[in-house]
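The values are calculated or read from the model by the stated rules, or taken from the named source; none is laboratory data. Since we're looking at a predicted model, the values are computed, not measured. Remember, those area values only see protein heavy atoms, side chains included, never the ligands or the DNA or RNA. Shrake-Rupley method; radii C 1.70, N 1.55, O 1.52, S 1.80 Å.
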Amino acid sequence: MGFLGVWDLFIGALSVGLAAPVIKRLVDSQLPTKWLVIMTTVFDDTDALLTSCVEQGLIKEPLAALFHSQIESLRQRALVTRLRALGAKDYYEDIKNMCGGLSFRIREVCNDVRGLRAEISVCRPRIVLYRGRASNKASKRRLASAKKNGSRLSNATPVAFRLLQTMTPVPPN
């Protein structure tokens, strides 16, 4: 075996040696038990957003009840995946669950909850002021409407903001 043959073996062994930790980290990041932490965080954030919007009066009760029922149905889906993921006794069962599609199902639930969180944040009315005054005609009309309806937003402190939206979704830029 010549120099090039030894060099090829050395480079091959080095490549395998360097690729193994990278592959292990990639596999570890996709394990269902790792995704459970993310799923819990997403649910907590969504609950906190909905609660704060309802407490501030930004989302009315019928819409809040609809959002609560959607969160509960997503929690039922999450419970099934959580129980399967927590049933893994060791690392190899966790990998088996990952290969069986459990991580994918957990990511689906997370994406659905994130979508619901986006709906909650889009549906809340946001009247934002620039130095206490509305910056254009549409903003002035919406501000006058909020004042007439007795919204808390009419007493907003003069902060450098502008009107973003009311109850309609924001079109993409």
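Please report the carbon-and-sulfur percent of the accessible area for the stretch 59-106; probe 1.4 Å, protein heavy atoms only, DNA, RNA and ligands left out.
That share works out to 64 percent.
Per residue, how many Å² of accessible area does the stretch 23-130 show with a 1.4 Å probe?
Each residue of the stretch 23-130 exposes 57 Å² on average to a 1.4 Å probe.
So what are the radius of gyration and Dmax for the Cα set of the stretch 27-89, in Å?
Cα radius of gyration and Dmax of the stretch 27-89 are 14.6, 46 Å respectively.
How high is the relative contact order of the stretch 1-122, given as a whole-number percent (alpha carbon pairs under 8 Å, six or more residues apart)?
Reported as a whole number, the value is 39 percent.
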